[in-house]
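The values are calculated or read from the model by the stated rules, or taken from the named source; none is laboratory data. Given the structure is predicted, the values throughout are model-derived calculations rather than measurements. Neighbour counts are summed over all protein chains in view; Cβ atoms, including those assigned to glycine, are modelled from backbone coordinates with ideal geometry. Accessible surface areas use protein heavy atoms only, side chains included; no ligands, DNA or RNA. Shrake-Rupley method; radii C 1.70, N 1.55, O 1.52, S 1.80 Å.
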Amino acid sequence: MYPGPIGSGEAVVADRDSDIRQYLSQYNEKVLAVDMEAGGLSQYWQENSVHDETNPGWIVIRGVSDNADEEKGHAHHELAARNAAHVLRLLLPFLC
């Protein structure tokens, strides 16, 4: 498990030299990964959390399944999901 910032958005990154990866590295050199699925959740949170005190907190737990490069594929999705589920299980006592 590596705690740290994760870049989030809607674009699919499949090129190691993509502008998105370069931008994230320049924005924060400690970005660990790029998440392409939680963008909608983070956008909702940002748009609604300031005005709604009942809006619950959220956490994204990612199992990394590829390097967001030309080798991108589905070969490691099951392992990534298992790893994310394991981390969630470890965090549950602290979240409830």
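A few remarks follow.
- Report summary: the helix-based calculation at 222 nm, which adds -39500 (n - 2.57) for every DSSP H run with n ≥ 4 and divides by the residues of the chain, gives -12500 deg cm²/dmol.
- Matching label, Rg and Dmax of the Cα atoms in Å computed from the structure shown, candidates [x] 17.5, 49; [y] 14.9, 43; [z] 15.7, 46: [y]
- Fully extended contour minus Cα-Cα distance, from A84 to V12, at 0.36 nm per residue: 23.9 nm
- Most positive-pole-ward Cα, S49, G73, G63, against dipole of the chain from beta carbon charges: G63
- The residues of segment 1-40 have, on average, 77 Å² of accessible surface per residue, using a 1.4 Å probe with all protein chains present.
- Under the Karplus curve 6.51 cos²θ - 1.76 cosθ + 1.60, θ = phi - 60°, whole-Hz ³J(HN,Hα) for segment 78-92, x wherever Gly or Pro sits: 5, 4, 4, 5, 5, 5, 5, 5, 5, 5, 4, 4, 5, 7, 3
- Theoretical gain in end-to-end length, Q22 to S49 [0.36 nm per residue, Cα-Cα removed]: 6.8 nm
- Counting only Cβ charges, +1 for Lys and Arg and -1 for Asp and Glu, the dipole size of the chain around its Cα centre is about 460 debye.
- Accessible-area composition of the chain, carbon plus sulfur, in percent [1.4 Å probe]: 54 percent
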